[in-house]
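Here is the structure we will look at, set down as structure tokens.
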């Protein structure tokens, strides 16, 4: 059996990487993963998080970037720099341009973080919805609690200004978008916008909420394996 590319997992807004566990468990034992962690107080901007991700890229062998939510722009910017060994990009419930034009959830989150806390119950509804389980809620709450409100404020401000559409045009490896059918955080228009900038984009829909890698890990793992097979032979 051929050796598949390593997955470099770039996490969502929390930045801890802890929430990838269900997805990693579904991928094993045949697919190797590297999880990037940018949960420290210094990682509140896209520049800082991108530097952290760059330092974790494999120095040898093929790899594929997985940019989840907040990290989609990071995956695209890294791919645009065409690092050696990069074979593909998997975008998960993410965006390329300023969500202030399309994502209505930014403003209320900024208000909550200014008071020193995140609205956990609202995050449950928005991120998990009816797919929530006690285990997933516990994992989500634990990850959220590891990061200070100041870091969340910095990242939300970064999201409100991001635009990597120029980087997207320079991506020259296969790219796929995992889209959640019940996503309350990132609208369908975000994936459509990416496809407009990058017409070769393949979009796969999942019966899941925004946290699709956590709520539909087996389906996401199957789609990932299929993409890796194509990336390896393409």
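The values are calculated or read from the model by the stated rules, or taken from the named source; none is laboratory data. Just so it is clear, the structure is predicted and the values come from calculations on it, not from any experiment. All Cβ positions, glycine included, derive from the backbone under ideal geometry; neighbour counts span all protein chains shown.
Please state which one of 24, 3 is at negative phi and modelled with pLDDT of 95 or more.
After ruling out the rest, the residue left standing is 24.
Of all residues in segment 14-35, which are assigned to a loop (DSSP other than H, G, I, E, B) and either out of contact with any helix residue (DSSP H, G or I) (no Cβ under 8 Å at 6 or more places or on another chain) or more than 13 Å from residue 70 (Cα to Cα) (or both)?
17, 28, 29, 30, 31, 32
Kindly list the number of the only condition in (1) within 25 Å of residue 45 (Cβ to Cβ); (2) assigned to a helix (DSSP H, G or I); (3) more than 16 Å from the chain's Cα centre (by Cα) that fails for residue 192.
(1)
Any chance you could count how many residues in segment 148-163 are outside any helix (DSSP H, G or I), under 17 Å from the mean Cα position of the chain (by Cα) and either buried (at least 19 other Cβ atoms within 10 Å of the Cβ) or at pLDDT below 85 (or both)?
Residues meeting the conditions: 1.
Condition first: closer than 12 Å to residue 4 by Cα, out of contact with any strand residue (DSSP E or B) (no Cβ under 9 Å at 6 or more places or on another chain) and in contact (Cβ under 8 Å) with a residue 12 or more places away in the chain. Now tell me which residues in segment 18-35 satisfy that.
The answer is 30, and nothing else.
Just checking, does segment 39-47 include any residue being in contact with a strand residue (DSSP E or B) (Cβ under 7 Å, 6 or more places away or on another chain) and crowded, with 17+ Cβ neighbours inside 10 Å?
no
Would you mind stating whether residue 172 is more than 23 Å from residue 214 (Cα to Cα), in contact with a helix residue (DSSP H, G or I) (Cβ under 9 Å, 6 or more places away or on another chain), assigned to a helix (DSSP H, G or I) and touching a residue at least 24 places away in the same chain (Cβ under 8 Å)?
Considered against the rule, which asks whether it is more than 23 Å from residue 214 (Cα to Cα), in contact with a helix residue (DSSP H, G or I) (Cβ under 9 Å, 6 or more places away or on another chain), assigned to a helix (DSSP H, G or I) and touching a residue at least 24 places away in the same chain (Cβ under 8 Å), residue 172 comes out as no.
Does residue 54 meet the test of being touching a helix residue (DSSP H, G or I) at 6+ places or on another chain (Cβ under 7 Å) and either part of a strand (DSSP E or B) or at positive phi (or both)?
no
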